[in-house]
1. Report, in whole Å, the centroid distance computed from the Cα atoms of the range 155-194 and the range 208-235.
2. So for the chain, averaging the separation of alpha carbon pairs under 8 Å that are six or more residues apart and normalising by length, what relative contact order in percent results?
3. Could you check how much of the accessible area of the chain is carbon and sulfur, as a whole percent, using a 1.4 Å probe?
4. Can you compute the charge dipole magnitude of the chain about its Cα centre, using +1 on each Lys and Arg Cβ and -1 on each Asp and Glu Cβ, nothing else charged? Give it in debye, rounded to the nearest 20.
5. Considering only 183, 163, 145, whose Cα is most displaced toward the positive end of the charge dipole of the chain, charges sitting on Cβ of Lys, Arg (+1) and Asp, Glu (-1)?
6. Which of rounded, prolate or oblate describes the range 84-218 when judged by the alpha-carbon gyration tensor and an a/c cut-off of 1.5?
7. Which whole-number percent gives the relative contact order of the range 133-241, counting Cα pairs below 8 Å spaced six or more residues apart?
8. Any lysines with Cα under 20 Å of the residue 84 Cα? List them, leaving off those in the same chain fewer than 8 positions away.
Amino acid sequence: MVANRQLAVRCADVDKFYGKGGARTQALHGCSLEACMGEILMLVGPSGCGKTTLLSVIVGILDTDAGDIEVFGEHVHAMNAAQKARFRRKNVGFAFQQFNLLPTLSAVENAALPLLIAGEPRRKAMQRAGDMLSTMGMPEKLDKLPRELSGGQQQRVAFSRALVHEPRLVVCDEPTSALDGKTGEAVMQQLRKVALRADRAVIVVTHDPRIYHHADRIAQMEDGHIVQVTMPGDANHPQGIRH
Ligand code: ADP
Ligand code: MG
C-alpha cells in the first residue's frame with residue numbers, strides 16, 4: 001500500500017486464465033498493484049509475462065477469474081457491459097499495441113474520436129485533435145488514412161486519441177515501440193504534460209529502457225507475477241538507458 005496517496009487503480013489478488021482444458025494457461029497469478037493519482041506507473045517485464053493482460057483487466061476489456069479491481073473507487077468487474085463501456089468512455093484513454101485505428105477515418109478524425117463520441121462539436125473536436133497531433137510532431141490537419149501512415153505515425157495517432165479527451169486514467173501499451181529515441185522522448189513529455197494532474201493517473205506498459213526515467217514508480221512483472229515495485233533511488237530500481 002502506498003501511504004498518503006489517493007488511489008486511482010487498485011488490483012487485489014487478480015488471476016486470469018486463457019483457454020480451456022489442456023490448453024488452459026494462467027497469465028496472471030494473484031497480481032496486486034496500485035496506481036496513485038498524480039503518477040506515471042510503468043509496468044515492465046519480458047515479453048509474455050502478462051503486461052497486456054493486466055492492462056486489459058484493469059480497464060475491464062477482459063474479465064478476471066479471481067480477485068478485485070477498483071478504478072476511481074468503482075468495481076469495474078461488477079458492472080454490466082453497457083456500464084463498463086460508459087465508464088471507460090468517460091474515464092479512460094487507452095492506446096494498445098495494435099493501434100486499432102479505424103481504417104476509413106483520417107488520422108485527425110481517429111484522434112478526435114473520443115471527443116466526437118462524447119458529443120463535442122465536430123469543428124472543436126477536430127481542432128483539439130489537430131493540436132494534439134502537432135504536439136506529437138505530426139502535421140495538424142492530417143487527412144491521410146491510417147494505411148497511408150508509417151507505423152510510428154499510426155502509433156502517435158493512437159496515442160493522441162488516448163489523451164485528447166483528457167481522461168482521468170490513461171493506459172498505454174508499449175507507446176514508443178515504433179518510435180525513434182527523440183520522438184519517443186517527445187511523446188513521453190507530452191504524456192506527462194497532458195495526462196498528469198493531481199486527480200489523474202497514467203499506466204504505461206513498456207520494455208523500452210529509454211523511457212524508464214519518466215516513471216514515478218516501476219512495477220516489474222515476471223511470469224504473471226508482480227515481483228517488485230520500486231521508485232527512483234531504490235537500490236533495485238530498473239536502470240534506464242538515456243540518450
Ligand atoms: P505481455 O504483454 O507481457 O507480452 P501478455 O499479457 O500478452 O504478455 O500474455 C501473457 C501470457 O498469456 C502469454 O503466455 C501469452 O501467450 C498468453 N496469452 C495472451 N493472450 C492470449 C490469448 N488471447 N489466448 C491465449 N493465451 C494468451
Ligand atoms: Mg504485450
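1. After rounding, the separation between the Cα centres reads 18 Å.
2. Details: 496 pairs, mean separation 63.7, N = 243.
In percent, rounded to a whole number, it is 26.
3. On the way: 5680 of 11600 Å².
Summing carbon and sulfur atoms, their accessible area is 49 percent of the total for the chain.
4. Details: 29 positive and 26 negative charges, 170 e Å.
Dipole about the Cα centre, nearest 20: 820 debye.
5. Towards the positive end, the residue furthest out is 145.
6. Numbers: a/c = 1.67, a/b = 1.18, b/c = 1.42.
Note, shape of the range 84-218 comes out oblate.
7. Working: 120 pairs, mean separation 23.3, N = 109.
Result for the range 133-241 is 21 percent.
8. 16
The values are calculated or read from the model by the stated rules, or taken from the named source; none is laboratory data. In this text, all values refer to a predicted model and were calculated from it rather than measured experimentally. Here Cβ is always computed from backbone atoms with ideal geometry, including for glycine, and neighbour counts include all displayed protein chains. These area figures cover heavy atoms from the full protein model, side chains too; ligands, DNA and RNA do not enter into them. Shrake-Rupley method; radii C 1.70, N 1.55, O 1.52, S 1.80 Å.
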